[in-house]
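Following: one structure in structure tokens, then a few remarks.
Please treat every number below as a calculation from the coordinates, not as lab data. Keep in mind that what you see is a predicted model, and the values were worked out from it rather than measured. Here the Cβ positions follow ideal geometry from the backbone for every residue, glycine too, while neighbour counts run over all protein chains shown.
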Amino acid sequence: MPVELDVMNPVRQLDPGMFPEVLWPVRRPEPTLFVPPSAVVRTTERAFVIRIRDRRVEGVDATTGAVAGKLIEVFGNLNQGDTVALRGTDELRPGALVSPQPAASK
């Protein structure tokens, strides 16, 4: 992400016009969750993730954040350990009974 900063340069290590690369670690106040992008359902009204609880479908409103490799950060009423549909769709209606299968490992 390109960022422009004004920095102090008292020992003149940086010359005008230089473009240094900087590692800028970003930390969240609380851990966040990452899911495959295919798990996020987007409609004209909302974005959500399908959570499976007690074999029943729940649509959990979510917003997305950073991308890390093949995963995308999600914010919403989700917790570590929740079972999430890998391929979300608005055709999975709340309350529908499903039989979750473990994700195939590659």
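Scanning the range 48-106 for residues that are in contact with a Pro (Cβ under 7 Å, 6 or more places away or on another chain) and not charged (D, E, K, R) turns up Ile52, Val57, Gly59, Leu71, Ile72, Thr83, Leu86. Please go through the range 63-106 and give me each residue that is surrounded by 10 or more Cβ atoms within 10 Å (Cβ to Cβ), among the small types (Gly, Ala, Ser) and in contact with a Leu (Cβ under 7 Å, 6 or more places away or on another chain), ordered by number. Result: Ala85, single match.
Residue by residue through the range 38-61, note down the ones that are touching a Leu at 6+ places or on another chain (Cβ under 9 Å) and loosely packed, with under 12 Cβ neighbours inside 10 Å. Scanning the range 38-61 gives a single hit, Arg55.
Gly69 - would you say it is touching a residue at least 24 places away in the same chain (Cβ under 8 Å) and not hydroxyl-bearing (Ser, Thr, Tyr)?
no
Across the range 81-106, the number of residues qualifying as of a type outside the set (Gly, Ala, Ser) and touching a strand residue (DSSP E or B) at 6+ places or on another chain (Cβ under 7 Å) comes to 11.
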